[in-house]
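I have placed the structure first, in the form of structure tokens, so that the comments after it can refer back to it.
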Amino acid sequence: MRTWIIVPAAGGGTRFRDATPKQYADLAGAPVLARTLERLATVDCEAIVVALAVDDVRYDDAIGARPGVLPIRCGGATRAATVRKALQAIALRAADDDWILVHDAARPCVPRDALDRLVDELRNDSVGGLLALPLGDTLKRADAMDEPPRVMRTESREGLWLAQTPQMFRHRLLAAAHGLDVAGHCTDEAQAIEALAATGVCDMPRLVRGSPANFKITFPGDLALAAAILGTQELN
């Protein structure tokens, strides 16, 4: 069994509110995507497939050629569509039971021990799973009709986890999950696998404890936090 990594990097980063897509924003002297690829390079894999927008003109200059990294301009309108097209691109090379790890381009701080833990704990699993954190904060539901928003009620946080990436699944199952009609509306691979599991094809995904450091850069202000985390990680 081999491992493949897919990094969807075709988004324009509308919430990032910057002319530069967040995967190319500067993070401590290098693009966010470069930092993410450096971290993923510690995983023993067949290839890291970077799924870019079809009209991407930044990658070659910003990232350049890297050993074991395969950029493919196959991006779709949504993250799910981009991952599906990346899966199609490697379909003839990946075996059914190969592992596919999907990791957000905007999560450059995923700790190496979290990556190791994900691979080690899922190595013999029939389905796969994802890094996640048990919800620790009090959870409030807002009244969608209020502006400014007001609390409608407090929700129970029992059994709730915050999903992270990488998410790691068997190739045959992930490809089947992305072939479902509902997959286009899924916001991560685990949700697509959950839909497949609901049909009885497989078990539900496993949860593997992640790390608070493995947060997703969403707004420009997040870059300073990511730089601080990277600096701390380099010292350890």
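The values are calculated or read from the model by the stated rules, or taken from the named source; none is laboratory data. Fair warning: this is a prediction, and the values are worked out from it, not measured in the lab. Reconstructed Cβ throughout: ideal geometry from the backbone, glycine too, with neighbour counts over all protein chains shown.
Given the residues Val83, Val7, which is the only one that is at pLDDT 95 or above, under 21 Å from Leu118 (Cα atoms) and touching a Pro at 6+ places or on another chain (Cβ under 6 Å)?
Numbers: Val7 fails: touching a Pro at 6+ places or on another chain (Cβ under 6 Å).
Step by step, each of Val83, Val7 is checked, and only Val83 is at pLDDT 95 or above, under 21 Å from Leu118 (Cα atoms) and touching a Pro at 6+ places or on another chain (Cβ under 6 Å).
If the condition is being free of Cβ contacts under 8 Å to residues at least 60 places away in the same chain and within 20 Å of the chain's Cα centre (by Cα), then region 114-133 contributes Asp116, Asp120, Arg123. Take the residues in region 121-163 that are hydroxyl-bearing (Ser, Thr, Tyr) and closer than 23 Å to Asp188 by Cβ; name whichever of them is surrounded by the most Cβ atoms within 10 Å (Cβ to Cβ). Restricting to residues being hydroxyl-bearing (Ser, Thr, Tyr) and closer than 23 Å to Asp188 by Cβ, the top hit is Ser126. Just the residues that are small (Gly, Ala, Ser), in a loop (DSSP other than H, G, I, E, B) and surrounded by 10 or more Cβ atoms within 10 Å (Cβ to Cβ), please, taken from region 51-69. If the condition is that a residue be small (Gly, Ala, Ser), in a loop (DSSP other than H, G, I, E, B) and surrounded by 10 or more Cβ atoms within 10 Å (Cβ to Cβ), then Ala53, Gly64, Gly68 are the ones that fit. Pairing residues of region 181-205 that are touching a residue at least 12 places away in the same chain (Cβ under 8 Å) and more than 23 Å from Pro8 (Cα to Cα) with residues that are part of a loop (DSSP other than H, G, I, E, B) and acidic (Asp, Glu), at Cβ distances under 7 Å and at least 6 apart in sequence or on separate chains, gives Ala197/Asp203.
Yes/no per residue for (1) in contact with a helix residue (DSSP H, G or I) (Cβ under 7 Å, 6 or more places away or on another chain); (2) aliphatic (A, V, I, L, M):
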site	(1), (2)
Val54	no, yes
Tyr59	no, no
Ile90	no, yes
Val102	yes, yes
Ala105	yes, yes
Pro108	yes, no
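Looking only at residues of region 180-225 that are closer than 17 Å to Val102 by Cβ and of a type in the set (Lys, Arg), we find that the one that is surrounded by the fewest Cβ atoms within 10 Å (Cβ to Cβ) is Lys216.
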